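Read through the structure below, which is laid out as structure tokens, and then see the notes.
The values are calculated or read from the model by the stated rules, or taken from the named source; none is laboratory data. Keep in mind it's a predicted model, so treat the numbers as computed, not measured. Cβ sites come from the backbone with ideal geometry, for glycine too, and all protein chains shown count toward neighbours.
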């Protein structure tokens, strides 16, 4: 399970970084999106990968860390998802504006010579 | 909780409420919006002055949001450093708002709301005592700054804002990775608790925590514009509209602030000092070369921001109370000076046709072009002898940025060098800093002097720009504050020295957040 999640994060982040370094604005946007997915999963697994355990300690049960999942990373990742969603939407608008104003989708606003 | 304690949360709540209120108002009611924004700015200034006095206590005031006790809830800590930065934010906010009233606030939608949200994000980032909350406030201030960077639109702004946004989104993701690593190892995000807990981490896991801190530092240093992470900064700031650029002059200081706070609190300034020193020196050199090479006043301002970032990083790496105190004084002086410079740059360059830097479509959409021609509208009081006044202000800014007497830039640099050269066997690094700071001052004088000569003296047919009182007033206010800072350098230095000492002995910070039971 850990290995699968680790590979998933690696693939998402690797693809994200590669796309981020590409010269077209749409690729950069997709790269940032993939990177943020990778980062979100990364935050999530910082509370350890556990299957079928609730994030709440049951009534009367002892605070045994093996029997419940850490709720904090789940709360953090929710905030991170909302923020990255909002900023990606904003970036999309800027990308479209740049495309309209510079008549090219190159990140520098001009084609390579 | 005493009512005085609620003062700590006001610098965040006040701009939030004002900004949200203005979102409800129609875009055409610009006078009302300007009034709301200005009142909120002045109230923020009053609050932050009161907060600065409140913070001048042995134990900094702590505000538990929602009354949740410290390690479980989020705390706001108003120590001297945070209070000073909040005061600086309020001053810059008022200057930018007043300056924009002449015409910039009508160059695009929702200007005043964005300014207020930026002020909120900045205040929150300075006050918070929680690492994740710091991220949230960073995102808030960045989101507002994206809007402000684009304010006025136009090809250049959109182009450079794109770089600015992508760089900062990338940095935010690094920020999250760093937070996740630190949380995974230490199990807390409260900065005071982290400081206590990092020492107890077993050696094997400590590497992970340090890696997390390193990733965090990269995210902060992108904001501070450290070489090689700061290439986006001069162009983006030069392209931004003048009031936005003036506010941005404190954005890079947020990065420096975060590095300073976390580095001293979590690691006591022990690891990574070399990196900060060499990074700072590289930034300083790059900024100086950029200053000498740039022709445009906006870019000159951007590069002088890099010079100040570099100076700060290189000197702060000493992790010494006297040097840090002087560096805090330098933060205040250079931020005020560069903000005034950005405002002034726009006024000076106004001899170009009106609205040349505003996209034609925007000008049409917001009736900017007709403003001057319209007979019914009063043009506002136009200052006579504008050129002389502008020249005088420009000279003041140049003295301030270059660090020459009698302005506080000199006091700050002198105190920095005195602190650096104080230990008895003067190290090679101290000599290098002495040489670099002196040379950077010389280079600033050359670059700014050359620009001044070209603008004010070497003009064939001088076109006197129309400068209104309302535009000159914020510049004059910022410069007058700088003069006041020179006169009151003693008390200011004492306050900031106390702030620096508290940073270097974080025990009081930890105790006020987590009172010993």
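Whether any residue in the range B:275-292 is outside any helix (DSSP H, G or I) and crowded, with 24+ Cβ neighbours inside 10 Å is what I want to check.
The initial filter retains those residues of the range B:275-292 that are outside any helix (DSSP H, G or I), namely none.
No; the residues of the range B:275-292 include none that is outside any helix (DSSP H, G or I) and crowded, with 24+ Cβ neighbours inside 10 Å.
Restricting the range B:141-155 to residues that are within 9 Å of another protein chain (Cβ to nearest Cβ) and assigned to a helix (DSSP H, G or I) leaves a set whose member that is nearest to residue B:221 (Cα to Cα) is B:142.
All of (1) closer than 25 Å to residue B:81 by Cα; (2) surrounded by fewer than 23 Cβ atoms within 10 Å (Cβ to Cβ); (3) within 11 Å of chain A (Cβ to nearest Cβ) hold for residue B:170 with one exception: (1).
Can we say residue B:52 is modelled with pLDDT under 90 and either within 14 Å of another protein chain (Cβ to nearest Cβ) or over 14 Å from the mean Cα position of the chain (by Cα) (or both)? Full working, then the answer.
Details: modelled with pLDDT under 90: no; either within 14 Å of another protein chain (Cβ to nearest Cβ) or over 14 Å from the mean Cα position of the chain (by Cα) (or both): yes.
Considered against the rule, which asks whether it is modelled with pLDDT under 90 and either within 14 Å of another protein chain (Cβ to nearest Cβ) or over 14 Å from the mean Cα position of the chain (by Cα) (or both), residue B:52 comes out as no.
Only a single criterion out of (1) more than 10 Å from chain B (Cβ to nearest Cβ); (2) surrounded by 14 or more Cβ atoms within 10 Å (Cβ to Cβ); (3) at pLDDT 90 or above is not satisfied by residue A:17, namely (1). Based on this model, can you work out whether residue B:132 counts as farther than 29 Å from residue B:344 by Cβ, touching a residue at least 12 places away in the same chain (Cβ under 8 Å) and assigned to a helix (DSSP H, G or I)? Yes; evaluated as a whole, the condition is true for this residue. Only residues that are out of contact with any strand residue (DSSP E or B) (no Cβ under 9 Å at 6 or more places or on another chain) and either away from every other protein chain (no Cβ under 14 Å) or without any contact (Cβ under 8 Å) to a residue 60 or more places away in the chain (or both) were counted in the range B:175-196, giving 15. Evaluation of residue A:23 against the conditions (1) touching a strand residue (DSSP E or B) at 6+ places or on another chain (Cβ under 7 Å); (2) within 10 Å of chain B (Cβ to nearest Cβ) shows that the sole unmet condition is (2).
Regarding residue B:137, is this residue touching a strand residue (DSSP E or B) at 6+ places or on another chain (Cβ under 8 Å), surrounded by fewer than 24 Cβ atoms within 10 Å (Cβ to Cβ) and either closer than 23 Å to residue B:6 by Cα or more than 14 Å from every other protein chain (Cβ to nearest Cβ) (or both)? Break it down into steps so the answer makes sense when it comes.
Working: touching a strand residue (DSSP E or B) at 6+ places or on another chain (Cβ under 8 Å): yes; surrounded by fewer than 24 Cβ atoms within 10 Å (Cβ to Cβ): yes; either closer than 23 Å to residue B:6 by Cα or more than 14 Å from every other protein chain (Cβ to nearest Cβ) (or both): yes.
Yes: the conditions hold for residue B:137.
What about residue A:71, is it over 15 Å from the mean Cα position of the chain (by Cα), more than 10 Å from every other protein chain (Cβ to nearest Cβ) and farther than 18 Å from residue B:162 by Cα?
Values: over 15 Å from the mean Cα position of the chain (by Cα): yes; more than 10 Å from every other protein chain (Cβ to nearest Cβ): yes; farther than 18 Å from residue B:162 by Cα: yes.
Spelling it out, residue A:71 is indeed over 15 Å from the mean Cα position of the chain (by Cα), more than 10 Å from every other protein chain (Cβ to nearest Cβ) and farther than 18 Å from residue B:162 by Cα.
Filter the range A:74-85 down to the residues that are surrounded by fewer than 17 Cβ atoms within 10 Å (Cβ to Cβ) and more than 7 Å from chain B (Cβ to nearest Cβ), then identify the one that is nearest to residue A:48 (Cα to Cα). Among those residues, the one meeting the criterion is A:74.
Report, by residue number, each residue of the range A:89-107 that is within 8 Å of chain B (Cβ to nearest Cβ) and in contact (Cβ under 8 Å) with a residue 40 or more places away in the chain. Even if it seems obvious, please write down each step before you answer.
First, pick out the residues of the range A:89-107 that are within 8 Å of chain B (Cβ to nearest Cβ): A:90-91, A:94-95, A:97-98, A:101-102, A:107.
Listed by number, the residues that qualify are A:91, A:95, A:98, A:107.
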